[in-house]
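Just below is one structure, and these are the notes that go with it.
The values are calculated or read from the model by the stated rules, or taken from the named source; none is laboratory data. Just so you know, these numbers come straight off a predicted model, no measurement behind them. Here the Cβ positions follow ideal geometry from the backbone for every residue, glycine too, while neighbour counts run over all protein chains shown. In case anyone asks, the SASA skips ligands and DNA or RNA and just uses the protein heavy atoms, side chains included. Shrake-Rupley method; radii C 1.70, N 1.55, O 1.52, S 1.80 Å.
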Amino acid sequence: MSDKSSRRQFIDRSFRIIGFLGIGGAAGVLTKRASSSAVYQIDPFKCTSCDLCRTSCVLSLSAVKAVNDFEKCGYCMLCPAYMDVNSRPDEKGIPTGKVCPQDALKRRVVGRVDLEDPNNNYYEYAIDETRCDGCGKCVKACLPPAGNGSLRLEIRYTRCVECNECAIRVVCPDDAIVRVPVPGMAPTADSSEREKA
Amino acid sequence: MIRSRRFRPLILLLMVLASSALFAQYQRKPPDFGGSYSFPSPEHPEPRSEWVRLLDVGMLVAGLALGTWLILKRRSRGGVMLLSIGALAYFGFYRKGCICPIGAIQNVTLSLTDPSYIVSLSIVVFFFLPLATALLFGRIFCGGVCPIGAIQDLVLLRPRKVPEKLDRALRWLPYLYLGLAVLFAGWGLGFKIGAWEVQAARRFLICEYDPFIGLFRISGAFHMLAIGAGFILAGMFFGRPYCRWLCPYGALLSILSRFSWKNVQVTPDKELDCGLCADACPYGAIHNYRADRASCLACARCYEYCPREQVLRGAGDEFVQVKLP
Amino acid sequence: MKPQQPEAGEGNLLDRLRKSWFPAAAVVGALASFIAAALRLRPEPGTVLQTTEKPAPPVPPQQAGPNLPAGGFKREYRKSGSLVGGAAAQQFRSSLAGIAVGPGDRVYALGDGEIRTFEAGGSLVAVWKVVPNASCLAAGSDGHVCIGAPGRVEIYDPAGRHTGGFAAGDSAGRPAGITAVKWFRDEILAADADARLIRRYDRHGKQLGLIGTKARAGSFILPNGWLDFDVDAQGVIRATDTGRHQVTAWALDGTPLGSFGKFGMGNPEDFVGCCNPVNVAVTHDGKIVTGEKMVARVKVYEPDGRLLALVGPENFDPKCIHLHLAVDSKGWILVADPVRREVSRFFPVAEAADNAPLRDRETAGGIRQEYARI
């Protein structure tokens with residue numbers, strides 16, 4: 001009996017040591033390589049606003065929202081992303097249809113206001129994130145040559161649950177969703193080099 | 001406003017590159033609005049900060065430490081249940097099931113096959129620490145910390161015994177799933193048989209088919225919610241079906257738990273071989289009146305039913321009523 | 001089987017329920033969460049905005065400016081071939097930023113960081129290196145060439161030697177965002193898109209005046225950040241006001257002289273999209289040539305805004321954000337397509353009688369503005 005138990009103990013102990021060495025070794029290799037955490041973001045150069053961001057996010061209202069880059073925005077009255085330029089115009093010649101199916105692109109007059117002629121005013125365009133579902137129609141409409149290209153789709157971290165594998169990334173036809181490091185902990189010089197690269 | 005200097009570079013880099021692509025030489029300036037309009041800076045919400053991610057690691061360490069004490073030292077089912085409720089609340093509903101060691105299998109695999117894949121220290125800790133704990137103390141993670149195990153454990157109403165042979169056959173599935181998950185995470189699948197070709201890109205199968213993630217996020221696709229509801233219903237009658245017959249991390253833990261230094265011992269002192277613990281265990285983990293180290297999920301139910309335990313707790317002369325066959 | 005439980009009895013079921021209340025509550029909770037999640041399942045995508053009437057079928061933009069036959073327009077232009085790019089021998093490798101016509105109908109093309117000079121027949125005469133960030137150029141009647149770059153104007157003599165240059169900017173020293181330059185006799189006019197006006201300089205860089213500040217409606221609105229203009233022999237400046245979809249006229253002292261044009265997708269006389277026309281040139285017989293983006297086309301107008309001719313979008317790349325224009329002494333229009341890096345020439349082939357109607361103008365009821373003080 002004691003023979004059996006001591007042999008059992010020996011086997012247990014040796015496998016335990018092997019196990020610890022394995023765990024320690026693997027953990028060491030990975031720690032050396034470990035850098036910061038990573039999150040997903042959309043690369044605006046690759047994205048073609050294909051509408052899959054709206055349907056593929058695991059959340060019911062997608063975490064992808066359109067974002068207006070105010071520095072590039074023209075603040076136009078006749079914004080091609082706000083109004084559908086091909087829709088029926090009203091008596092003043094201004095198109096009546098809207099591009100956004102959820103009416104999430106809102107505008108307001110800013111700066112000095114000309115009450116007589118709306119063409120004389122600047123309009124600030126901002127997206128209502130409680131309505132935007134990431135379909136990208138406004139982004140497509142703002143692309144040059146029609147617009148300045150100031151609208152783009154972006155993953156908003158107030159909503160993104162940071163899945164291990166972004167469900168949109170799996171289906172994105174342009175491979176536009178990239179994993180970017182969150183600057184932060186870089187335990188070794190090796191990994192901080194990698195972060196800079 | 002962009003709240004952290006450190007996150008600015010990426011967004012600014014993208015914006016600058018985007019603008020320079022349009023106007024190679026001349027950079028357009030914003031208009032002069034007149035009036036009292038001041039130019040807004042775009043808001044780019046930051047992802048969770050590193051400190052909050054450290055909190056996850058801290059909670060994992062605390063959970064494992066507390067679990068070890070509750071399961072091995074204090075031997076209390078109530079304590080383990082409270083711990084698992086806490087783990088379900090934090091790792092399950094608050095963190096929405098993500099980050100978890102089961103998924104970390106894929107991250108670790110991918111980082112070993114693809115040197116450019118970014119892996120964080122928390123993922124490394126989340127993967128290796130429960131394994132080290134298993135090597136030392138058994139499947140503490142399963143018993144007290146895993147939110148998926150916790151939810152199944154809590155809905156257990158009327159555990160039924162699964163026939164031994166079926167149980168043994170089903171216990172091969174986790175290894176199969178582990179192999180598939182590692183294969184798909186590291187390499188994807190690509191092979192040709194004659195004219196029939198299969199090409200599958202790398203994917204994280206475990207994350208895609210996580211049954212309880214829809215519950216934790218309280219949203220999801222219909223098939224995910226259906227699978228989750230199915231597992232909950234099954235879990236009411238067959239203890240912890242996912243843990244026993246599917247969990248790939250459980251496969252790793254069960255291998256390591258076999259050689260653990262200290263593990264669940266049903267009686268506090270001497271064995272009675274009465275078999276009450278075997279009746280009590282909903283997971284069929286008691287073989288030969290001893291806790292089977294590989295399949296014991298450290299739920300601490302067996303302690304309550306052991307007569308030696310009751311003696312120790314001062315139940316006095318009140319012994320268990322045994323129903324003879 | 002649970003210990004400390006009566007062997008058999010009525011309290012069995014109740015007892016079991018009591019002891020298992022927690023799992024039961026957990027089950028109910030879990031299933032409630034699933035139901036809540038199922039209720040949040042994404043509904044079929046639909047539109048929020050409901051229109052009460054059926055919308056008219058949209059007009060595809062590329063067809064908004066049809067190439068009507070000569071019976072519709074008073075004048076028709078036909079392509080004569082490419083001077084640079086396309087099928088021509090000369091090609092620009094990476095960029096084409098502007099063109100100008102000098103004395104003797106020489107054509108100067110700016111691209112790849114150099115100016116290439118062509119004879120009227122099309123043969124390459126000279127290649128001069130210039131600053132790499134040059135955005136526009138102009139050729140004077142004496143053969144001097146000036147180019148505009150952000151904050152600077154550089155002058156070259158007819159042989160290509162750099163003879164002078166000056167910094168262009170506002171009184172606070174901010175560099176001008178120069179998007180167009182033109183010679184007028186001995187003066188240089190430079191469009192400053194950042195300040196949204198046109199600056200008048202003499203050859204040595206002394207600022208003589210500003211154009212664009214005196215309009216009651218305000219100065220130019222430039223959503224695309226580009227101001228283009230041309231000046232005729234009498235000193236009347238025609239400048240693009242892209243935000244208002246107008247071609248505006250100014251005297252050299254800055255007095256506004258009028259404007260024409262409006263937004264419209266259907267009528268070819270109107271300007272499409274959000275910011276058009278992006279380029280403008282004047283001919284020797286006083287006609288005004290405009291270039292548009294989104295529907296890349298070139299149009300010729302009378303000075304009062306009546307549409308004379310249209311060179312359709314099939315001639316240009318649809319991704320163009322500019323169509324740089326120049327007109328030679330014969331009335332041929334040169335168009336630089338920066339995407340294809342091609343300079344094409346168009347010559348007039350037909351001129352209808354003076355009272356021939358423009359077809360679409362009548363049906364769409366386009367507005368024409370005569371010269372009007374604004």
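Considering only residues that are hydrophobic (A, V, I, L, M, F, W, C) and without any contact (Cβ under 8 Å) to a residue 60 or more places away in the chain, look in the stretch B:150-169 and name the one that is nearest to the other protein chains (Cβ to nearest Cβ).
The first filter runs over the stretch B:150-169 and keeps only residues hydrophobic (A, V, I, L, M, F, W, C), leaving B:150-151, B:154-157, B:162, B:166, B:169.
Checking which are without any contact (Cβ under 8 Å) to a residue 60 or more places away in the chain leaves us with B:166, B:169.
Working: B:LEU166: 22, B:ALA169: 26 Å.
That would be B:LEU166.
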In the stretch B:271-309, anything among the charged types (D, E, K, R), in a loop (DSSP other than H, G, I, E, B) and over 21 Å from B:CYS247 (Cα atoms) is listed as B:GLU271, B:ASP273
Going through (1) open to solvent by less than 40 Å² (accessible area, probe 1.4 Å); (2) in contact (Cβ under 8 Å) with a residue 40 or more places away in the chain one by one, A:LEU105 fails only at (2)
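Filtering the stretch C:140-190 down to residues that are of a type in the set (Lys, Arg) and either surrounded by 18 or more Cβ atoms within 10 Å (Cβ to Cβ) or in a strand (DSSP E or B) (or both), which residue is nearest to the chain's Cα centre (by Cα)?
Per the criteria, the residue is C:LYS182.
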What are the residues in the stretch B:255-264 that are open to solvent by 10 Å² or more (accessible area, probe 1.4 Å) and touching a residue at least 60 places away in the same chain (Cβ under 8 Å), if any?
B:LEU256, B:PHE259, B:TRP261, B:LYS262, B:ASN263, B:VAL264
Evaluate the stretch C:52-71: report whether one residue or more is within 11 Å of another protein chain (Cβ to nearest Cβ), modelled with pLDDT of 50 or more and surrounded by fewer than 16 Cβ atoms within 10 Å (Cβ to Cβ).
no
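Just to check your reading of the model, which residue among B:CYS247, B:CYS302 is in contact with a Pro (Cβ under 8 Å, 6 or more places away or on another chain) and surrounded by 21 or more Cβ atoms within 10 Å (Cβ to Cβ)?
Details: B:CYS302 fails: in contact with a Pro (Cβ under 8 Å, 6 or more places away or on another chain).
Going through B:CYS247, B:CYS302 in turn, the sole match is B:CYS247.
Quick check on this structure: which one of A:CYS142, A:CYS135, A:CYS166 is within 30 Å of B:GLY35 (Cα to Cα), open to solvent by less than 20 Å² (accessible area, probe 1.4 Å) and either modelled with pLDDT under 85 or assigned by TED's automatic domain parsing to the domain that holds A:THR55 (or both)?
A:CYS142
Keeping to the stretch A:104-117, report how many residues are within 14 Å of chain B (Cβ to nearest Cβ), on the phi < 0 side of the Ramachandran plot and assigned to a loop (DSSP other than H, G, I, E, B).
If we filter the stretch A:104-117 for residues that are within 14 Å of chain B (Cβ to nearest Cβ), which is where we start, we get A:106-115.
With the extra rule that they be on the phi < 0 side of the Ramachandran plot, the set shrinks to A:106-110, A:112-115.
So of that shortlist, the ones also assigned to a loop (DSSP other than H, G, I, E, B) come out as A:112-115.
Of the residues in that region, 4 qualify.
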Evaluate the following for C:PRO223: is it at pLDDT 90 or above and not in a strand (DSSP E or B)?
no
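Looking at A:MET77, is it in contact with a Lys or Arg (Cβ under 8 Å, 6 or more places away or on another chain) and in contact (Cβ under 8 Å) with a residue 12 or more places away in the chain? Full working, then the answer.
On the way: in contact with a Lys or Arg (Cβ under 8 Å, 6 or more places away or on another chain): no; in contact (Cβ under 8 Å) with a residue 12 or more places away in the chain: yes.
Against the criterion (in contact with a Lys or Arg (Cβ under 8 Å, 6 or more places away or on another chain) and in contact (Cβ under 8 Å) with a residue 12 or more places away in the chain), A:MET77 does not qualify.
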Any residue at all in the stretch A:91-103 that is facing another protein chain (nearest Cβ under 7 Å) and of a type in the set (A, V, I, L, M)?
no
Can you confirm whether the stretch A:22-35 contains a residue that is assigned to a loop (DSSP other than H, G, I, E, B), touching a Leu at 6+ places or on another chain (Cβ under 7 Å), modelled with pLDDT under 90 and of a type outside the set (Asp, Glu)?
yes
Whether any residue in the stretch B:191-199 is in a helix (DSSP H, G or I) and either at the interface with another protein chain (Cβ under 9 Å from one of its Cβ atoms) or at negative phi (or both) is what I want to check.
no
Of all residues being at the interface with another protein chain (Cβ under 7 Å from one of its Cβ atoms) and under 30 Å from C:ASP192 (Cβ atoms) in the stretch B:33-64, which is modelled with the lowest pLDDT? Just the residue, please.
B:PRO42
Determine which single condition C:THR213 fails, assuming it passes every other condition in (1) open to solvent by less than 10 Å² (accessible area, probe 1.4 Å); (2) within 20 Å of C:ALA176 (Cα to Cα); (3) more than 10 Å from chain A (Cβ to nearest Cβ); (4) of a type outside the set (Asp, Glu).
(1)
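Here is a yes/no grid of residues against (1) more than 9 Å from chain C (Cβ to nearest Cβ); (2) over 18 Å from the mean Cα position of the chain (by Cα):
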| site | (1), (2) |
| --- | --- |
| A:VAL29 | yes, yes |
| A:LYS46 | yes, no |
| A:SER49 | yes, no |
| A:CYS73 | no, yes |
| A:LEU78 | no, yes |
